[in-house]
1. Please go through the stretch 54-74 and give me each residue that is within 13 Å of the chain's Cα centre (by Cα) and not small (Gly, Ala, Ser), ordered by number.
2. So, of the residues in the stretch 35-65 that are more than 16 Å from ASP14 (Cα to Cα) and at pLDDT 95 or above, which turns out to be surrounded by the most Cβ atoms within 10 Å (Cβ to Cβ)?
Amino acid sequence: MTDVPAGADDDHDDVVVRATVSRLVVTIEAPVEIVESVVRDELARRRASARIQAFVPILTERAARRRLRDRPPS
């Protein structure tokens with residue numbers, strides 16, 4: 001049992017997504033909808049596989065940036 005309120009992880013994830021999307025939309029110059037979809041997907045992957053959860057936001061942004069940079073032009 002933990003003292004973390006229910007939904008706290010979701011709130012934190014939303015903060016990570018908003019901040020990451022905000023940075024990537026400017027640097028990658030991709031539509032918000034595409035960037036957010038990629039970031040949410042990468043965040044879920046990193047949450048599931050990372051041993052040290054504190055690094056998840058950094059790993060998420062790096063992976064999303066790489067995927068967005070390598071995507072074919074729309």
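1. Of everything in the stretch 54-74, those that are within 13 Å of the chain's Cα centre (by Cα) and not small (Gly, Ala, Ser) turn out to be PHE55, VAL56, PRO57, ILE58, LEU59, THR60, GLU61, ARG62, ARG65, ARG66, ARG67, LEU68.
2. Among residues in the stretch 35-65 that are more than 16 Å from ASP14 (Cα to Cα) and at pLDDT 95 or above, the one surrounded by the most Cβ atoms within 10 Å (Cβ to Cβ) is ARG65.
The values are calculated or read from the model by the stated rules, or taken from the named source; none is laboratory data. Keep in mind the model is a prediction, meaning the values are calculated, not measured. A quick note on method: Cβ atoms are made from the backbone with ideal geometry, for glycine too, and the neighbour counts reach across all protein chains shown.
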